Amino acid sequence: MESLEYLMHGFGVALQPMNLLWAFIGSALGTAIGVLPGIGPALTIALLLPVTVSIGPTSAFIMFAGVFYGAMYGGSTTSILINTPGEAGSMMTALEGNRMARKGRGAAALATAAIGSFVAGTLATLALTFVAPFVAELAFVFKPADYFALIVLAFCSVAVVMGNSRTRGLISLFLGLAMGVIGIDKLTGQPRLTFGQPELLDGVELTVVLVSLFAIGEILFVVSRYDPGKDKPLSVSGKWMTKQDFQRSWRPWLRGTALGFPMGTLPGGGSEIPTMLSYTLERKLSKHPEEFGHGAIEGVAGPEAANNAAAAGVLVPLLTLGLPTSATAAVLLAAFQNYGLQPGPNLFTSNADLVWGLIASLYIGNVMLLVLNLPLIGMWVKLLSVPKPQLYAGILIFALIGIWGVSGSEFDLIVMVLVGVAGYVMRVYDFPIAPVLIGLILG
C-alpha cells in the first residue's frame, strides 16, 4: 500500500502541465529515433544532456523515459515495413513482421506491435512499481553457472532461426561469435583478432553490424534484383487487427512480458535475449507453426512485448542499486550523476518526486505512445508505396548518418560497408542473418 501512495504522489508530479509536455516531446522524439536505423535512445539521451541541464532533473528524466520507451515502439516500424530494425531488440520482429507486410498485412503487424508494446510496458511498469526491490535481488542470487545456463538456453534458441539449412545456420552463428570475441580479452588483457588495428581493440559495435546486415545488405540485395517494370507498391489491408489476430496475439503479449521483464533486470540481459526466447517459445506453442517464416503474427506479438517489458526491467537495478545493465541505462546513470544524484535505495526517500514522478510518467508515456502510434499506422504503411529507389536511398543515408553519429569513426563506416557486402552475399546464398547477430550478442 505504501508503494501505491507514493505512486499517486508521482502521478501528481507527472501530470503537471510542463511535465506532460516533456513526456509528449520525449515520446514523439523516441518514436522517431526508433524508426531511424542506427540512432538509438542511448545516443539521443546523451545528446540531450547538455540541453536539459536548465529544465530540472524531474522534467529531464520524464523526457528521457519517453525517449527510452518511444524508441522501443518506433524500432518495430522499420523492422516490419522495410526489414531494417531501428533497434537491436526489434531484430526478431523483422523475421515475421516484414513477411506480413509483404503479404499485405503490414497494418496488422504494426497494430499488434503497438498494442503489445502498450500491454507489456504497462504490466512491466506495474512490476517496477510494486516488486522492483525483490526482482533486483535476483542479480545477487544469480551465480556464474546460472548466467552460463542462460547463455546456453539463448544458444539453443538459435535453432529456430537457422532457416532451411542447419549447416548454413551454424556457419552464420560462428561468424557472429568470431566478431563477438574481437577486442581485448577481459581476463588476460590480450588483443584478439584485431589484426593490428587499434580501432578494433574495443570490439565490433553491435549497432554497426545490425544496420550493416539488415539495411546495407537488404539494399544491395534489392538493387541487384530491381526491375523498374515490375516495381509495384506492396498493398496493405486494413488499419486494425481482426478478431482472430487478437485471439492469436494476447497470449504472446503476456508470455513476452513474463520473459522480458525479469531478464531486463539482469546485467547483460538486455532486450535481445528475451526477444529471441519469446520468438522460440511462440513457435513451439503456436497452433499454426507452418506460418512461421511466412508471416506469423505470434512472431511479432511475443518479441515486441518482450522488448518493451525488458526496457522497464532495465530501470529496476538502475533505480534501486545504481547498476546499469544496458548502454541506455549507463547513459541514464551518467545523467543522474550530472545532476549530482546517485541512484540507489536512498534515492527513493531523498528524491521521491523524481523517482515516483519518473515511474508515473511511464504509465502516461505508454498511453501517449499508443495514441501516437495506432492512428499513424495508416501513415507508416504508406512507406510501402514509396518507389524503391527513393525509399532505399533514404534508408542508406539515414543508416550512414546513424553510424557516423554513434562513433564519428571512418573505420566504423568501412566496417559497415564490408559487413553490408557480406550480408548481401549471405542473402544471395541463403545464409540466415539472425544467427550472426545472436552469436555477436552472446559472444
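The values are calculated or read from the model by the stated rules, or taken from the named source; none is laboratory data. Every value quoted in this text rests on a predicted model; they were computed, and no experiment measured them. Neighbour counts are summed over all protein chains in view; Cβ atoms, including those assigned to glycine, are modelled from backbone coordinates with ideal geometry. Surface accessibility is based on the protein's heavy atoms, side chains included, excluding ligands, DNA and RNA. Shrake-Rupley method; radii C 1.70, N 1.55, O 1.52, S 1.80 Å.
I need the full set of residues from segment 277-325 which are buried (at least 24 other Cβ atoms within 10 Å of the Cβ), assigned to a loop (DSSP other than H, G, I, E, B) and of a type in the set (A, V, I, L, M), in order please.
If the condition is that a residue be buried (at least 24 other Cβ atoms within 10 Å of the Cβ), assigned to a loop (DSSP other than H, G, I, E, B) and of a type in the set (A, V, I, L, M), then ALA296, ILE297 are the ones that fit.
Could you tell me which numbered condition ILE297 fails, if it satisfies all but one of (1) within 26 Å of ILE45 (Cα to Cα); (2) at pLDDT 85 or above; (3) among the aliphatic types (A, V, I, L, M)?
Status for ILE297: all satisfied but (1).
What single numbered condition from (1) open to solvent by less than 10 Å² (accessible area, probe 1.4 Å); (2) assigned to a helix (DSSP H, G or I) fails to hold for GLY344?
Going through (1) open to solvent by less than 10 Å² (accessible area, probe 1.4 Å); (2) assigned to a helix (DSSP H, G or I) one by one, GLY344 breaks only (2).
Where in segment 202-276 are there helices (runs of 4 or more DSSP H), lying wholly inside it, with at least 3 residues that are within 24 Å of GLY183 (Cβ to Cβ) and either modelled with pLDDT of 70 or more or not basic (Lys, Arg) (or both)?
206-211
Okay, residues lined up against (1) within 21 Å of LEU259 (Cα to Cα); (2) open to solvent by 10 Å² or more (accessible area, probe 1.4 Å); (3) of a type in the set (Asp, Glu); (4) not in a helix (DSSP H, G or I):
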site: MET92; (1), (2), (3), (4): yes, no, no, no
site: GLU96; (1), (2), (3), (4): yes, no, yes, no
site: ALA101; (1), (2), (3), (4): no, no, no, no
site: THR112; (1), (2), (3), (4): yes, no, no, no
site: ILE115; (1), (2), (3), (4): yes, yes, no, no
site: VAL119; (1), (2), (3), (4): yes, yes, no, no
site: LEU123; (1), (2), (3), (4): yes, yes, no, no
site: LEU126; (1), (2), (3), (4): yes, yes, no, no
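Do we have any residue at all in segment 10-31 that's modelled with pLDDT under 80 and assigned to a helix (DSSP H, G or I)?
no
Is it the case that some residue within segment 300-315 is in contact with an Asp or Glu (Cβ under 6 Å, 6 or more places away or on another chain), at pLDDT 75 or above and within 30 Å of MET100 (Cα to Cα)?
Among the residues of segment 300-315, at least one is in contact with an Asp or Glu (Cβ under 6 Å, 6 or more places away or on another chain), at pLDDT 75 or above and within 30 Å of MET100 (Cα to Cα), which makes the answer yes.
When you scan segment 387-404, how many residues do you find that are open to solvent by 40 Å² or more (accessible area, probe 1.4 Å), modelled with pLDDT under 75 and in a helix (DSSP H, G or I)?
2
Kindly provide the set of residues from segment 405-437 that are open to solvent by less than 70 Å² (accessible area, probe 1.4 Å), aromatic (Phe, Trp, Tyr), out of contact with any Phe, Trp or Tyr (no Cβ under 9 Å at 6 or more places or on another chain) and closer than 29 Å to GLU96 by Cβ, ordered by number.
PHE431
Taking the conditions exactly as written (farther than 23 Å from PHE24 by Cα and at pLDDT below 80), does THR320 satisfy them or not?
So THR320 passes the test.
Only residues in segment 379-404 that are hydroxyl-bearing (Ser, Thr, Tyr) count as the first member; pair them with residues that are modelled with pLDDT under 70, Cβ under 8 angstrom, at least 6 apart or cross-chain, and list the lot.
Pairs found: SER385/PRO233; SER385/LEU234.
List every residue pair whose Cβ atoms sit under 7 Å apart, with the two residues 6 or more apart in sequence or on different chains, where the first one lies in segment 225-251 and is over 24 Å from LEU285 (Cα atoms) and the second, anywhere, is assigned to a loop (DSSP other than H, G, I, E, B) and modelled with pLDDT under 75.
ASP231/PRO387
Filter segment 166-191 down to the residues that are assigned to a helix (DSSP H, G or I), open to solvent by 70 Å² or more (accessible area, probe 1.4 Å) and in contact (Cβ under 8 Å) with a residue 12 or more places away in the chain and list them by number.
The answer is ARG168, LEU170, ILE171, PHE174, LEU175.
Any idea how many residues of segment 128-155 are at pLDDT 65 or above, assigned to a helix (DSSP H, G or I) and out of contact with any helix residue (DSSP H, G or I) (no Cβ under 8 Å at 6 or more places or on another chain)?
Counting residues in segment 128-155 that are at pLDDT 65 or above, assigned to a helix (DSSP H, G or I) and out of contact with any helix residue (DSSP H, G or I) (no Cβ under 8 Å at 6 or more places or on another chain) gives 10.
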